[in-house]
1. If I filter segment 158-197 down to residues being among the basic types (Lys, Arg) and under 27 Å from residue 115 (Cβ atoms), which single residue comes out as surrounded by the most Cβ atoms within 10 Å (Cβ to Cβ)?
2. Any residue at all in segment 135-149 that is in a loop (DSSP other than H, G, I, E, B), within 28 Å of residue 236 (Cβ to Cβ) and in contact with a Phe, Trp or Tyr (Cβ under 9 Å, 6 or more places away or on another chain)?
3. Would you confirm whether or not segment 156-176 contains a residue that is in the same structural domain as residue 203 (by TED's automatic domain parsing), outside any loop (DSSP other than H, G, I, E, B) and in contact with a helix residue (DSSP H, G or I) (Cβ under 6 Å, 6 or more places away or on another chain)?
Amino acid sequence: MQRNEGGNRTAVFLVAVLFLNLILMSGRIVLKDDRSLLMTIVGFVVTPVEVGFQATVDFISRNLRHYVFVTNTFQRYRRLKQEQSRLKYENYRLRRRLDALDFSRRTQLETPRLLAAQLVRVDPNFPFDTIRVDQGSLRGVRPGMVVLNDAGDLVGRVIAPVQLFAARVRLITSASGGVGASIERDRMEGLITGNNSRFCDFRYLMESLTVRVGDEVVTSGTDGIYPPGLPLGKVVEVQKAQLIQKVRVQPFFVTRPLKKLLIIPHATQD
């Protein structure tokens, strides 16, 4: 057993010596391209590893650049969408201002001034239904004419019958009738209806639409009665419901003195 182990060791030693001599000899052998045989063997072994490593680096670098490009593109897309939304909102507000200016210009062209009126009587039983004013048919007042307060907020419209020296005005807080309206912030449209109280209901606004307390409400003109862009009120309460949300609006005129009024003479009749 000891002799076999000694022989194995000797054989291993001889093989190692021969391998070392071959390496030394290969280093002295010069090929046609002025490279030694040893360098050629090393290059043959190492080259695939280098190629694989370089391919891996290129793959990682290419995908990293693609990820960075996609990420930057998405961020730029979000910024552009936000800028688009802002521009849409600015465009809407500018159109509203142009509409208001055009409305004022047409009013000045058709009538030199609005017809001033004074509050005469409020029904004590239904104070938010109708009122009586001191201007009548003698001054050209007709049913359907729009009535504002002295701040330019919508109050209501003249209803029949109109007397010679007086007329009745149905308030927008009345349970009769309604007003086409929209949220001034983003033009969401619906219908304002009164309930003979200080507040009105903003109907037909889908639950998915965003309505905030404090949003200002203006007339939309879709009812064919009131011109668009008249200040109407502001949102004071929002309750989510199934499909349609419950929105309560407080008209501007109920928070201000209702003594001096303005009648728009060119409004259409009933």
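The values are calculated or read from the model by the stated rules, or taken from the named source; none is laboratory data. Predicted model only: the values in this text are computed from it and were never measured. Ideal geometry is used to build each Cβ from the backbone, glycine not excepted, and the neighbour counts take in all protein chains shown.
1. 168
2. No: segment 135-149 contains no residue that is in a loop (DSSP other than H, G, I, E, B), within 28 Å of residue 236 (Cβ to Cβ) and in contact with a Phe, Trp or Tyr (Cβ under 9 Å, 6 or more places away or on another chain).
3. Scanning segment 156-176 turns up no residue that is in the same structural domain as residue 203 (by TED's automatic domain parsing), outside any loop (DSSP other than H, G, I, E, B) and in contact with a helix residue (DSSP H, G or I) (Cβ under 6 Å, 6 or more places away or on another chain).
Residues checked against (1) modelled with pLDDT under 90; (2) over 22 Å from residue 155 (Cβ atoms); (3) in a strand (DSSP E or B):
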{"site": "191", "(1), (2), (3)": "no, no, yes"}
{"site": "196", "(1), (2), (3)": "no, no, no"}
{"site": "208", "(1), (2), (3)": "yes, yes, no"}
{"site": "223", "(1), (2), (3)": "yes, no, no"}
{"site": "229", "(1), (2), (3)": "yes, no, no"}
{"site": "232", "(1), (2), (3)": "no, no, yes"}
